[in-house]
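To start, the structure itself, in structure tokens.
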Amino acid sequence: MSTLLFLLIVVAALGFFAYTLYDRFRLLLAAKPVERFDRIGERVKAVLVYAFGQKKFVVGEQPAGWMHVLIFWGFMILGLQVVTMFGRTFSDHFFVPGFAPDQLGGPFFVLRDLMEVLVIGAVGVAIYRWVVSHPPRLFGYKPAEERLAGQSHWEAILILFFIFTIMLSGLLYDGGRLVFLAGDPVIEAERPWQPMSALVGLVLSAFGSGFAEFVSNAAWWVHNLVILAFLNLLPRSKHFHIITSIPNVFFRKLEPAGALDKMDLENSETFGTSFINQFTWKQALDMYSCTECGRCSSHCPATASGKELAPRQLLLNLRDYMYDHQAEMIAARPAANGEGEAGLVGENVVGDNLIHDQVLWSCTTCRACEEACPVMIEYVDKIVDMRRHLVQEEARFPSELTRTFRGMETQGNPWGMSYDKRMDWAEGLSVPLLADNPNAEYLYFVGCAGAFDDRNKKTVAAFTRILNKAGVSFAVLGPEEPCNGETARRLGNEYLFQTMAEAAVEVINGYGVRKVIANCPHCFNTLKNEYPQFGGEYEVISSAELVDHLFKEGKLSVREDPDLTVTYHDSCYYGRHNNIYESPREVIAKIMGKSPQEMERNRQTSMCCGGGGGWMWMDEPPDQRVNILRAEQALETKPDVVAVSCPFCMTMLTDGVKAKEAEERVQVLDVMELVDRASD
């Protein structure tokens, strides 16, 4: 009778789970299509490293990271135990094939016992964090995550209780079994391999064999029923990530991190994303996969500075709205699949209804959220897609950007400066033009900041002197150099960007350029990662990479200054977007004779200066300035110099150091300025 009852429960529970999962799958199919089935080998590797290897947790915040690793691997290893427990419905001696005591079962039993105890300990740490220490990363950062902070979070406690119960019931089941089935040859073969279960059995044996049998049988029921309850809770809770995180990692974006998707402007009827069924199925899978761990928000400069954006809250708002409109999205799917005109589901989510304009404009596109996310959720693309809607369909954007867009449209640069001033920085320098030197090895792409911003003209001049000292064959476009358009794309003005990119590629390709040097990470990223979308295929090298190479070849030398203390600020667009971390440090080390000082947040976890994503052109509220937060972090290292590799970082950190009244004792210099000074 008990066997039949259990089988009926299993069928009902699995049927309900399959129905829920089927609905979630249909919801994915109702989203916009996107191609993510290429480069299978790289995708499998990502799953091994980030999903099974738990890389983001191992190198992330501790001890919370190791706590998650233990729980994850506990479930992976104990999956065999779950199958075994369900198989015991029919036989006390059921084993997963190959895992009998005289096969692989023995070593597995040892590992199983150990993991059950370790997972119980990890659950204890998690409960302490939820009930006692209350870290903001779990409960929400105010004001951006006011909604999350106001929730009860009962679900997290329930899930932890389930995990604890699964582990404890496993120990009680096996411990009792060792007592009431003592003498059975199979049991005796198991006993030496189950040290923790044997200890539990020793305690139970004090109350007699009958009691041990009752406890073991009760533990079997509890274990299996909790597993079934847990399984059905997953698709309806944040713990859906247990099912979706591995697929989400598999379908991660493999294009360069710094490349945004190219819009088909000629054939598109809409420009950007503003309705919930305009998001792609991968973006919907992102929403399924959020663990609500808060790592994204904890690294976000907008959240830290008190703005309205928190990546986690943005994603959860979209997820909840999608779930609320699940039936409508599924019903609209035939149209979305080409069987008629696709209808829009729900209300416009961009604006007062759900995702406020200021949430989107707060983003610096620094990708700190994506770097921190353990399940590879993509935030920046979603934000830029919604900005595209605001700019191209609603013409609704911060008033300061009107001048920026006009300058790019009429003068070909966001400063709005006349083209005939583009070479003013080169006065008194030997700077060959590509028109006169078409066989130069490198095109030095100066960029608008280097050409028009007075402070950054000094950096460009310094780098030019370095190139001449090292005998590098280079030339510049001079008055022919176009703006790369990066600012327009990050701000959502895709039409303007594509117009500028096509014009730039035409000019550069017209000279047959193959190698490009950039001293601006925004120029570097655009030329390297986004211009291939328009036929611009170049070998693009950053200034620090080139200078590091020149040092190693002996073509450049500097005087060491061991008394100089330098801290280096990683540019987001060299660092997280293009993985350039070491070459600037190698160059600085040549000058100092030692590695530069490191801020607490450096390399992958470096904090944005606050100038990316168009913020170079917008006015930031005085009490919400990211650059001041970053300047404070730099000043904590007590440097003589804060070194940067980006014109935007130069502006933002210079202003930040001034705001902290430290400009008399701390200089903000480009790495190339340091090299130029040390090579006089």
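The values are calculated or read from the model by the stated rules, or taken from the named source; none is laboratory data. Quick caveat: nothing in here was measured; it's all calculated off a predicted structure. Heads up, the Cβs are rebuilt from the backbone with ideal geometry, glycines too, and the neighbour counts pull from every protein chain shown.
Picking from residues in segment 250-295 that are polar (S, T, N, Q) and at pLDDT below 90, the one that is surrounded by the fewest Cβ atoms within 10 Å (Cβ to Cβ) is Asn267. Just checking, does segment 537-544 include any residue being in a loop (DSSP other than H, G, I, E, B) and touching a strand residue (DSSP E or B) at 6+ places or on another chain (Cβ under 7 Å)? So far as segment 537-544 goes, yes, one or more of its residues are in a loop (DSSP other than H, G, I, E, B) and touching a strand residue (DSSP E or B) at 6+ places or on another chain (Cβ under 7 Å). Residue count for segment 582-599 satisfying the condition of being touching a Ser or Thr at 6+ places or on another chain (Cβ under 9 Å) and in a loop (DSSP other than H, G, I, E, B): 3.
The single condition from (1) aliphatic (A, V, I, L, M); (2) under 24 Å from Arg236 (Cα atoms); (3) touching a residue at least 60 places away in the same chain (Cβ under 8 Å) that Ile157 fails is (3).
Listed here are the residues, each with its yes/no results for (1) within 21 Å of Gln313 (Cα to Cα); (2) at pLDDT below 90; (3) exposed (fewer than 14 other Cβ atoms within 10 Å of the Cβ).
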{"residue": "Thr89", "(1), (2), (3)": "no, yes, no"}
{"residue": "Val96", "(1), (2), (3)": "no, yes, no"}
{"residue": "Pro107", "(1), (2), (3)": "no, no, yes"}
{"residue": "Tyr128", "(1), (2), (3)": "no, yes, yes"}
{"residue": "Val131", "(1), (2), (3)": "no, yes, yes"}
{"residue": "Ala144", "(1), (2), (3)": "yes, yes, no"}
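Given the condition of a type in the set (Ser, Thr, Tyr) and within 24 Å of Ser237 (Cα to Cα), answer yes or no: does some residue in segment 300-320 qualify? Within segment 300-320 (the criterion being of a type in the set (Ser, Thr, Tyr) and within 24 Å of Ser237 (Cα to Cα)), the answer is no, since none of the residues qualifies.
Look through Val505, Val558, Val516 and report the one residue that is at pLDDT 95 or above and out of contact with any Asp or Glu (no Cβ under 8 Å at 6 or more places or on another chain). Being at pLDDT 95 or above and out of contact with any Asp or Glu (no Cβ under 8 Å at 6 or more places or on another chain) holds for just one of Val505, Val558, Val516, which is Val505. With respect to the conditions (1) out of contact with any strand residue (DSSP E or B) (no Cβ under 7 Å at 6 or more places or on another chain); (2) closer than 30 Å to Ala327 by Cβ; (3) surrounded by fewer than 17 Cβ atoms within 10 Å (Cβ to Cβ); (4) basic (Lys, Arg), Arg36 falls short on a single one, namely (3). Residues that are more than 29 Å from Pro621 (Cβ to Cβ) number at least 1 in the following helices (runs of 4 or more DSSP H) confined to segment 270-310: 281-289. Do we find a residue being more than 29 Å from Trp73 (Cβ to Cβ) and either polar (S, T, N, Q) or in the same structural domain as Pro107 (by TED's automatic domain parsing) (or both) anywhere in segment 156-171? No: segment 156-171 contains no residue that is more than 29 Å from Trp73 (Cβ to Cβ) and either polar (S, T, N, Q) or in the same structural domain as Pro107 (by TED's automatic domain parsing) (or both). Residue check: Gly610 meets all listed conditions (1) over 18 Å from the mean Cα position of the chain (by Cα); (2) touching a residue at least 40 places away in the same chain (Cβ under 8 Å); (3) buried (at least 24 other Cβ atoms within 10 Å of the Cβ) but one, namely (1).
Being polar (S, T, N, Q) and more than 27 Å from the chain's Cα centre (by Cα): is that true of Thr499 here? Yes.
Conditions tested, residue by residue: (1) part of a loop (DSSP other than H, G, I, E, B); (2) outside the structural domain of Gln633 (by TED's automatic domain parsing); (3) closer than 26 Å to Cys366 by Cβ.
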position	(1), (2), (3)
Val507	no, yes, no
Val516	no, yes, yes
Asp563	yes, no, no
Tyr573	yes, no, yes
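Of the residues Arg396, Arg387, only one is assigned to a loop (DSSP other than H, G, I, E, B) and either within 25 Å of Leu354 (Cβ to Cβ) or in contact with an Asp or Glu (Cβ under 9 Å, 6 or more places away or on another chain) (or both); which?
Arg396 is the lone residue from the list that is assigned to a loop (DSSP other than H, G, I, E, B) and either within 25 Å of Leu354 (Cβ to Cβ) or in contact with an Asp or Glu (Cβ under 9 Å, 6 or more places away or on another chain) (or both).
Take the residues in segment 431-477 that are crowded, with 17+ Cβ neighbours inside 10 Å and of a type in the set (S, T, N, Q), then tell me which one is farthest from Thr651 (Cα to Cα). Filtering segment 431-477 for residues that are crowded, with 17+ Cβ neighbours inside 10 Å and of a type in the set (S, T, N, Q), the one farthest from Thr651 (Cα to Cα) comes out as Thr464. Against the conditions (1) exposed (fewer than 13 other Cβ atoms within 10 Å of the Cβ); (2) at pLDDT 90 or above, Leu4 satisfies every one except (2). Among the residues of segment 308-316, at least one is outside the structural domain of Ser571 (by TED's automatic domain parsing), surrounded by fewer than 22 Cβ atoms within 10 Å (Cβ to Cβ), of a type in the set (Asp, Glu) and in contact with a helix residue (DSSP H, G or I) (Cβ under 6 Å, 6 or more places away or on another chain). Taken over segment 192-212, residues that are surrounded by 14 or more Cβ atoms within 10 Å (Cβ to Cβ) and either of a type in the set (Gly, Ala, Ser) or at pLDDT below 90 (or both) amount to 6. The residue of segment 404-454 that is farthest from Ser473 (Cα to Cα), among those that are aromatic (Phe, Trp, Tyr) and not in a loop (DSSP other than H, G, I, E, B), is Phe405. Do you know which of the residues in segment 612-670 that are assigned to a helix (DSSP H, G or I) and either in the same structural domain as Asn525 (by TED's automatic domain parsing) or among the polar types (S, T, N, Q) (or both) is modelled with the lowest pLDDT? Among them, the one singled out is Gln624.
Do you know which of the residues in segment 561-594 that are of a type in the set (Gly, Ala, Ser) and surrounded by fewer than 19 Cβ atoms within 10 Å (Cβ to Cβ) is farthest from the chain's Cα centre (by Cα)? Selected residue: Gly593.
Of the residues in segment 600-610, how many are within 27 Å of Glu539 (Cβ to Cβ) and in a loop (DSSP other than H, G, I, E, B)? The number of residues fulfilling the criteria is 1.
Go through the residues of segment 485-500 one by one and say whether even a single one is β-branched (Val, Ile, Thr), within 24 Å of Arg465 (Cα to Cα), in contact (Cβ under 8 Å) with a residue 40 or more places away in the chain and crowded, with 22+ Cβ neighbours inside 10 Å. No, there is no match, as no residue in segment 485-500 is β-branched (Val, Ile, Thr), within 24 Å of Arg465 (Cα to Cα), in contact (Cβ under 8 Å) with a residue 40 or more places away in the chain and crowded, with 22+ Cβ neighbours inside 10 Å. Considering (1) surrounded by 20 or more Cβ atoms within 10 Å (Cβ to Cβ); (2) among the basic types (Lys, Arg); (3) not assigned by TED's automatic domain parsing to the domain that holds Cys448, the lone condition that Arg603 does not fulfil carries the number (1). Residues that are touching a Cys at 6+ places or on another chain (Cβ under 7 Å) and without any contact (Cβ under 8 Å) to a residue 60 or more places away in the chain: does segment 345-361 have at least one? The answer is no; no qualifying residue exists. Scanning segment 30-45 for residues that are in contact (Cβ under 8 Å) with a residue 24 or more places away in the chain and closer than 21 Å to Glu269 by Cβ yields a total of 5. The residue that is surrounded by the fewest Cβ atoms within 10 Å (Cβ to Cβ), counting only those in segment 346-384 that are assigned to a loop (DSSP other than H, G, I, E, B) and polar (S, T, N, Q), is Asn353. Selection of segment 435-492 for residues being aliphatic (A, V, I, L, M) and closer than 13 Å to Met408 by Cβ yields Ala488, Leu491.
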